[in-house]
Amino acid sequence: MSFTLANLTPSRGSRTRSKRLGRGNASGKGTTAGKGTKGQRARSGGRKGLKRMGLKRIMQRIPKHRGFTSIYKKPSVINVGVLEKKFAAGTTITPGLLVKENLLQNTKTEMKILGEGNLTRAFIVKGCAVSNSAREKILKAGGKIE
């Protein structure tokens, strides 16, 4: 068969029809016709009202109905009386030691020592927050807070 202008065809897949945009949702490119949905910047006067706020400011604006969950993590707490029972005098108390002894769950949250109970042994406290009453008891027993 000889080639003539009548029987020339393009190679398969080289020619594709352009998609007809905006011809209804069933066509696959209806409604916005591939242009995306419009937002605040497309509205009149919207650009100048656009502000970027931090999460803290957003949280503070929300009314606190039916309880409130703070965005700040609460510290893991342990009382002075527990330290008295568990550790020998002169022990250096750190968050890692408290986790190792299974007195606290994890070291990701802040650790705080509270003043409930009696203290007669001297301890050295490192890397933990200490309440005022616990501070008094630790220093009175001859311990240090670093």
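The values are calculated or read from the model by the stated rules, or taken from the named source; none is laboratory data. This is a predicted model, so every value here is computed, not measured. With ideal geometry, Cβ positions are generated from the backbone for all residues, glycine too; neighbour counts draw on all protein chains shown.
For every residue, the table says whether it meets (1) of a type in the set (Asp, Glu); (2) at positive phi; (3) in a loop (DSSP other than H, G, I, E, B).
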residue: 67; (1), (2), (3): no, yes, yes
residue: 72; (1), (2), (3): no, no, yes
residue: 82; (1), (2), (3): no, no, no
residue: 85; (1), (2), (3): no, no, no
residue: 89; (1), (2), (3): no, no, yes
residue: 98; (1), (2), (3): no, no, no
residue: 137; (1), (2), (3): no, no, no
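Which of the following residues is small (Gly, Ala, Ser), at pLDDT 80 or above and surrounded by 10 or more Cβ atoms within 10 Å (Cβ to Cβ): 13, 30?
Matching residue, one of 13, 30: 30.
If you check 135, 66, which single one turns out to be among the charged types (D, E, K, R) and at pLDDT below 90?
On the way: 135 fails: at pLDDT below 90.
66 is the lone residue from the list that is among the charged types (D, E, K, R) and at pLDDT below 90.
Considering (1) under 28 Å from residue 111 (Cβ atoms); (2) modelled with pLDDT under 80, say which one residue 74 fails and leave the rest.
(2)
Taking the range 112-132 as the region of interest, how many residues are within 10 Å of residue 79 (Cβ to Cβ), outside any strand (DSSP E or B) and out of contact with any Lys or Arg (no Cβ under 8 Å at 6 or more places or on another chain)?
Qualifying residue count, the range 112-132: 2.
Name the pairs: first residue in the range 28-40 and free of Cβ contacts under 8 Å to residues at least 12 places away in the same chain, second residue surrounded by 11 or more Cβ atoms within 10 Å (Cβ to Cβ), Cβ to Cβ under 6 Å, at least 6 apart or on different chains?
These pairs meet every condition: 29/19; 29/21; 40/46.
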